[in-house]
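> Please read through the structure below; I'll follow up with questions.
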Amino acid sequence: MDIPHQNPDLPELDSLERSIYEWQMWIEDLGEFGQRKLKNSSVLITRCGGVGGLVAYQLAAAGVGRLVIAHAGDVKASDLHRQLLMTRDWIGKPRIESIQKRLLELNPDIAIQAVASNATEENARELVEQADVIVDCAPLFSERFALNRQSVSQSKPMVECAMYEMEGQLTSFFPGQTPCLQCLYPVAPPTWKRQFPVLGAISGTVGCLAATEAIKILTNLGKPLRNKMLRMDLREMTFRTVRLKRRKDCVVCSHLFA
Amino acid sequence: MPSEIRFVLPSTLRPHAKGLAEVPLQADNVREAVSVLVERFPNLQPNLLDSDNEILPFINLFVNQEQILRLDDAENPRLRHGDELLIIPALSGG
């Protein structure tokens, strides 16, 4: 049901925005009120490659008002098959510039806070402070764990999405209500490598689903993967949803349940 | 007679199980099922279990939809015919 004037603090939509988002606002339980919530929202995406690039692209298209993007390094030829916000003419130049350029081409109305570094223990707090929801797309567990700690300490939801080869995984963490990332993986696998087999269509699929989770959380639409994980084997085209348990001895979030 | 169950392995573990995505076997409980699995495919042992024979902290095991945190937990379900044991590893591809 559409309740456009329920919260007068939300920004209004102009006529162009009503046209752009018209079909999206036909979705039951989203409507113009949900669209105004998206316009008023901010999402942190780190990093913005094969998964995160599609998260950012979909959230920009959907009209999320502010995106905080963290991604270091320069565009490489080997990025291009999956990192859809990187362009061939930008090889050797900063990825964050290509990301910003592509997103603003799609939606010049959104605000982008572009950070030319990846998430670290040092900057995670400041990155998370700037967003309502985190979407964790980092390729290294050290980055993911840094974001998870800040998600818990700042009590902000984190959409956790990851893939490998033809498989993907997706869940949403709500501090104090669900397990956190280190309940799921108390320790990072020592054999995980920065470079991994990936088909762009698979990382993009996971990214689009993660964007869906973020939109659902921001607009109270549907049921996010709360205490659940979606596991996809896209080689077999099998999708399983499993229930997750928190760990009572979790080093990050157990104090929230004491 | 032990229950007929099947393990579903992620791609990261399949090379240690002769490339199989699914492994059917017979077992009555979770501990027994894992023991039979690693007995059949010894290369899985160091990739699945720690030195205490407990599931590694970056591997998750589910019986049907339910997560198993410890192999000998008294709350673990008794396995029934047709149960699926799903192994989900820690992934970080982004």
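The values are calculated or read from the model by the stated rules, or taken from the named source; none is laboratory data. Remember, predicted model here, so these are calculated numbers, not experimental data. Cβ sites come from the backbone with ideal geometry, for glycine too, and all protein chains shown count toward neighbours.
> Identify, please: which residue in segment B:75-94 is in a loop (DSSP other than H, G, I, E, B) and among the charged types (D, E, K, R) and is, among those, nearest to the other protein chains (Cβ to nearest Cβ)?
Taking segment B:75-94 first, the residues in a loop (DSSP other than H, G, I, E, B) are B:75-83, B:90-92, B:94.
After this cut, where a residue has to be among the charged types (D, E, K, R) as well, the list is B:75, B:78, B:80, B:83.
Values: B:E75: 10, B:R78: 18, B:R80: 17, B:D83: 13 Å.
Checking each candidate, the answer is B:E75.
> Which pairs have Cβ atoms under 6 Å, sit 6 or more apart or on different chains, and link a residue in segment A:93-121 that is free of Cβ contacts under 8 Å to residues at least 40 places away in the same chain to one that is outside any strand (DSSP E or B) and aromatic (F, W, Y)?
A:S98/A:W90
> Another question, then. Can you confirm whether segment A:226-243 contains a residue that is closer than 24 Å to A:P139 by Cα, in contact (Cβ under 8 Å) with a residue 24 or more places away in the chain, more than 13 Å from chain B (Cβ to nearest Cβ) and not polar (S, T, N, Q)?
Yes, segment A:226-243 contains at least one residue that is closer than 24 Å to A:P139 by Cα, in contact (Cβ under 8 Å) with a residue 24 or more places away in the chain, more than 13 Å from chain B (Cβ to nearest Cβ) and not polar (S, T, N, Q).
> If you don't mind, another one. Look through segment A:24-42, keep the residues that are outside any helix (DSSP H, G or I) and without any contact (Cβ under 8 Å) to a residue 60 or more places away in the chain, and return whichever of them is farthest from A:R102 (Cα to Cα). Don't jump to the end; show me each part of the working.
Going residue by residue through segment A:24-42, those that are outside any helix (DSSP H, G or I) are A:26-30, A:40-42.
With the extra rule that they be without any contact (Cβ under 8 Å) to a residue 60 or more places away in the chain, the set shrinks to A:26, A:28, A:40.
Values: A:W26: 27, A:E28: 30, A:N40: 21 Å.
That would be A:E28.
> Given B:N64, B:N47, which one is on the phi > 0 side of the Ramachandran plot, within 12 Å of chain A (Cβ to nearest Cβ) and at pLDDT 95 or above? It would help to see each step written out before you state the result.
Numbers: B:N47 fails: on the phi > 0 side of the Ramachandran plot.
After ruling out the rest, the residue left standing is B:N64.
> Taking segment A:119-138 only, how many residues are closer than 19 Å to A:A211 by Cα and either among the β-branched types (V, I, T) or modelled with pLDDT under 95 (or both)?
4
> What number of residues within segment A:113-146 are more than 14 Å from chain B (Cβ to nearest Cβ) and β-branched (V, I, T)?
Taking segment A:113-146 first, the residues more than 14 Å from chain B (Cβ to nearest Cβ) are A:113-117, A:120-133.
Next cut, β-branched (V, I, T) only: A:115, A:120, A:128, A:133.
Total meeting the criteria: 4.
> Next question, about the same structure. Would you call A:I112 under 21 Å from A:L38 (Cβ atoms) and buried (at least 16 other Cβ atoms within 10 Å of the Cβ)?
The answer is yes for A:I112.
> Taking the options B:E39, B:E22, B:E54, B:E4, name whichever one is acidic (D, E), without any contact (Cβ under 8 Å) to a residue 40 or more places away in the chain, on the phi < 0 side of the Ramachandran plot and more than 14 Å from every other protein chain (Cβ to nearest Cβ).
B:E39
> Next question, about the same structure. Which numbered condition trips up A:M166, out of (1) crowded, with 22+ Cβ neighbours inside 10 Å; (2) facing chain B (nearest Cβ under 9 Å)?
Looking at each condition in turn, A:M166 falls short on (1).
> Okay, next question. Within segment B:6-48, restricting attention to residues that are within 18 Å of B:N64 (Cα to Cα) and acidic (D, E), which residue is surrounded by the fewest Cβ atoms within 10 Å (Cβ to Cβ)?
Ranking the qualifying residues of segment B:6-48, first place goes to B:E22.
> Taking the condition assigned to a loop (DSSP other than H, G, I, E, B), among the β-branched types (V, I, T) and either more than 14 Å from chain B (Cβ to nearest Cβ) or in contact (Cβ under 8 Å) with a residue 60 or more places away in the chain (or both), does A:V55 pass?
no
> Can you report the number of residues in segment A:175-225 which are away from chain B (no Cβ under 12 Å) and either under 13 Å from B:S92 (Cβ atoms) or not in a helix (DSSP H, G or I) (or both)?
So the count comes out to 11.
> Can you tell me which of (1) farther than 26 Å from A:Y164 by Cβ; (2) not in a helix (DSSP H, G or I) is the one A:I45 doesn't meet?
(1)
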